[in-house]
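The values are calculated or read from the model by the stated rules, or taken from the named source; none is laboratory data. Please read all numbers here as calculations on a predicted model, not as lab measurements. Cβ sites come from the backbone with ideal geometry, for glycine too, and all protein chains shown count toward neighbours.
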Amino acid sequence: MKIIYAKRYGLRTVIGVCLNPDMPEWVHVVGSQERDSSGQLIWWPDGTPLLIESSEVKPAETGDTCHNCRYNWVMRELIFDGAEYADKSVDQLWELVCLACQPAAVPEVITDLVGRSD
């Protein structure tokens, strides 16, 4: 789990979390158009698209720097809204993020209740 962005808007705190930052799927498909880190297509000054010419990943390139390489990131945007979150410290916010991103419990079917119509 990795925090990608965190912003405060007065009483609202918005945190973007990547749940699988260490599992990039490199998408350097030769002939497809390059994208910057925000996902915008990159163009040459003359207006032609900048195309990917090699399937090899540049040294030190990660999903943080290459939009093409993070399409499989599992992202969650958490919003903590209200005065009770305005003064939370970084450590307190981290605890809230960890709680919010815990895997869901496996559902248990209550067979005795299914079909009941008293």
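Would you confirm, using the coordinates I've provided, whether S117 is at pLDDT below 85 and not β-branched (V, I, T)? No; evaluated as a whole, the condition is false for this residue. Hey, could you check the stretch 68-82 for residues that are surrounded by 11 or more Cβ atoms within 10 Å (Cβ to Cβ) and outside any strand (DSSP E or B) and say which is modelled with the lowest pLDDT? Once the filter is applied, the top-ranked residue is R70. Does the stretch 33-54 contain at least one residue that is loosely packed, with under 12 Cβ neighbours inside 10 Å, charged (D, E, K, R) and modelled with pLDDT under 85? Yes. Name the residues in the stretch 1-32 that are in a loop (DSSP other than H, G, I, E, B), at pLDDT 80 or above and among the aliphatic types (A, V, I, L, M), would you? Residues satisfying the conditions are M1, L11, L19.
Mind listing whichever residues of the stretch 83-109 are of a type outside the set (K, R), part of a loop (DSSP other than H, G, I, E, B) and either modelled with pLDDT of 90 or more or surrounded by 12 or more Cβ atoms within 10 Å (Cβ to Cβ) (or both)?
Start the filter on the stretch 83-109 by keeping residues that are of a type outside the set (K, R), which leaves 83-87, 89-109.
The next check asks that each one be part of a loop (DSSP other than H, G, I, E, B); those that pass are 87, 89, 101-109.
Those that are of a type outside the set (K, R), part of a loop (DSSP other than H, G, I, E, B) and either modelled with pLDDT of 90 or more or surrounded by 12 or more Cβ atoms within 10 Å (Cβ to Cβ) (or both): S89, C101.
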